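Chemist: For reference, the structure I am asking about is given below.
The values are calculated or read from the model by the stated rules, or taken from the named source; none is laboratory data. The structure displayed is predicted, hence computed values, not measured ones. As a convention, Cβ positions derive from the backbone with ideal geometry for all residues, glycine included, and neighbour counts pool all protein chains shown. These area figures cover heavy atoms from the full protein model, side chains too; ligands, DNA and RNA do not enter into them. Shrake-Rupley method; radii C 1.70, N 1.55, O 1.52, S 1.80 Å.
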Amino acid sequence: PTTEMSYWVTILTGLRVLGLEVTQEDKKATTKFQQRANAFPVAHPRPFRRTDVNRLHDLFDKDPLQVAISLAWHTGQRMGDILQLACNDIEVRAPYVVVTIRRGKVIQKIGPYTLSMVDNSPLAVSLLEIRKEREETGKLFLWSDNNSDTERATNTILANAMIAEVEPLCECRSIRRGGLQHMAEQGTSLELIMMFSKHASKEMLLRYLDY
């Protein structure tokens, strides 16, 4: 029910952005969705696992949204932040490809930050291919250069559908948690994980990881 409510709010946001009328029936539906959401406790969706990432790649190889999901998982980033990446946020600094996160939840507090990957890794190669294809719009994962709420909301819905095709118990929120949990399971230190997650303390990170 909470997911239904989230999707419904996204649809209403799209209507308003397009200048379309939100009818009385739409408002009644909002009330019903809210009542349903309030009747159930909020639960975290299942974290996306390594096997899920592999299956996602097999099913949607080269799809830009698949690359966005994989990038968010491998780096422990929020899907919303990754979807806002621009072409000029991806740079080659041999032997690395550097991704600069300039837009998102924590940017106002800590400012832009960078993530690096080896330039011949499959993910880096895919990012560079998409950057080349999207040079005209300037955006990696949006369709135009206006960075609109409608485009971001639509891409989020499409990404959720893609994720659900792999694992119905997962959604966009599963990606970041799953990626960070995988880092921890591989023995990565909490200090290093925090460089990706940007949590303010180890306690906050551990709580997020459900540890």
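Chemist: Is it true that some residue in segment 23-38 is in contact (Cβ under 8 Å) with a residue 60 or more places away in the chain, in contact with a helix residue (DSSP H, G or I) (Cβ under 8 Å, 6 or more places away or on another chain) and surrounded by 13 or more Cβ atoms within 10 Å (Cβ to Cβ)? Don't jump to the end; show me each part of the working.
Modeler: Here is the first cut: in segment 23-38, the ones in contact (Cβ under 8 Å) with a residue 60 or more places away in the chain are none.
No; the residues of segment 23-38 include none that is in contact (Cβ under 8 Å) with a residue 60 or more places away in the chain, in contact with a helix residue (DSSP H, G or I) (Cβ under 8 Å, 6 or more places away or on another chain) and surrounded by 13 or more Cβ atoms within 10 Å (Cβ to Cβ).
Chemist: Restricting attention to segment 76-99, report how many residues are open to solvent by less than 10 Å² (accessible area, probe 1.4 Å) and among the polar types (S, T, N, Q).
Modeler: Summing the residues that are open to solvent by less than 10 Å² (accessible area, probe 1.4 Å) and among the polar types (S, T, N, Q) in segment 76-99 gives 1.
Chemist: Right, here's the next one. Residue 169 is checked against (1) over 11 Å from the mean Cα position of the chain (by Cα); (2) surrounded by 14 or more Cβ atoms within 10 Å (Cβ to Cβ); (3) within 16 Å of residue 46 (Cβ to Cβ) and fails just one. What number does that condition carry?
Modeler: Answer for residue 169: the failing condition is (2).
Chemist: Looking at (1) within 21 Å of residue 49 (Cα to Cα); (2) loosely packed, with under 13 Cβ neighbours inside 10 Å; (3) hydrophobic (A, V, I, L, M, F, W, C), can you tell me which one residue 200 breaks?
Modeler: (1)
Chemist: Count, please, the residues in segment 160-177 that happen to be touching a helix residue (DSSP H, G or I) at 6+ places or on another chain (Cβ under 6 Å) and closer than 15 Å to residue 51 by Cβ.
Modeler: Matching residues across segment 160-177 total 4.
Chemist: What helices (runs of 4 or more DSSP H) completely inside segment 120-211 contain at least 1 residues that are among the aromatic types (Phe, Trp, Tyr) and either in contact (Cβ under 8 Å) with a residue 24 or more places away in the chain or farther than 24 Å from residue 89 by Cα (or both)?
Modeler: 190-197, 202-208
Chemist: If you don't mind, another one. Restricting attention to segment 111-131, which residues are open to solvent by 50 Å² or more (accessible area, probe 1.4 Å), closer than 11 Å to residue 99 by Cα and among the aliphatic types (A, V, I, L, M)?
Modeler: None - no residue of segment 111-131 is open to solvent by 50 Å² or more (accessible area, probe 1.4 Å), closer than 11 Å to residue 99 by Cα and among the aliphatic types (A, V, I, L, M), so the list stays empty.
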